[in-house]
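A short write-up of the structure that comes next.
The values are calculated or read from the model by the stated rules, or taken from the named source; none is laboratory data. Just so we're clear, the structure is a prediction, and the values are computed from it rather than from any experiment. Every residue, glycine among them, receives a Cβ derived from its backbone with ideal geometry; neighbour counts consider all protein chains shown. The accessibility values were calculated without ligands, DNA or RNA, using every heavy atom of the protein model including side chains. Shrake-Rupley method; radii C 1.70, N 1.55, O 1.52, S 1.80 Å.
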Amino acid sequence: MRIFLSRHTHFYFSISSFRFFYVPLVVTLLDYGAGNVSSIRNALPHLGFSIKDVKTPGDILNADRLIFPGVGAFAPAMDVLNKTGMGEALCTYIENDRPFLGICLGLQLLFHSSEENGPGFALLPPSPSTQSAL
């Protein structure tokens, strides 16, 4: 039997042993080496989440919820993600409509391309523009 007592934690009640078990919700954090993850890493425990770091593409595919903060240049970030296999895993994860939060470059990489340079993952329609829409 699963009992939800808050949005951040699960409590399980075992009928056979009459015990409650606290199970923190886990957020998987994709740090490709140039992202600014320290603020995210500090905030999540205060919100009741534990953090699992991505070490392999499989970690992305097995994530219950994924946060991808990013800082840096578009093309080098794409290179790192594609060379490590993380790019393909990220696309599969998002295409399967799984919980995802992209912050800054972590979201921009999902567009078709960038005005900086290079193609993106093309999971979102037209590329973001620095020009305002009229």
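Numbers below:
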item	result
Test: residue in segment 109-121 that is over 21 Å from Arg65 (Cα atoms), open to solvent by 50 Å² or more (accessible area, probe 1.4 Å) and without any contact (Cβ under 8 Å) to a residue 24 or more places away in the chain	yes
Among the candidates Gly33, Gly58, Gly72, residue that is more than 16 Å from Leu101 (Cβ to Cβ) and assigned to a helix (DSSP H, G or I)	Gly58
Pick from segment 73-105, criterion small (Gly, Ala, Ser) and farther than 14 Å from Gly120 by Cβ, ranking: surrounded by the fewest Cβ atoms within 10 Å (Cβ to Cβ)	Gly85
Unmet criterion (only one of (1) in contact with a strand residue (DSSP E or B) (Cβ under 6 Å, 6 or more places away or on another chain); (2) at pLDDT below 90) for Ser114	(1)
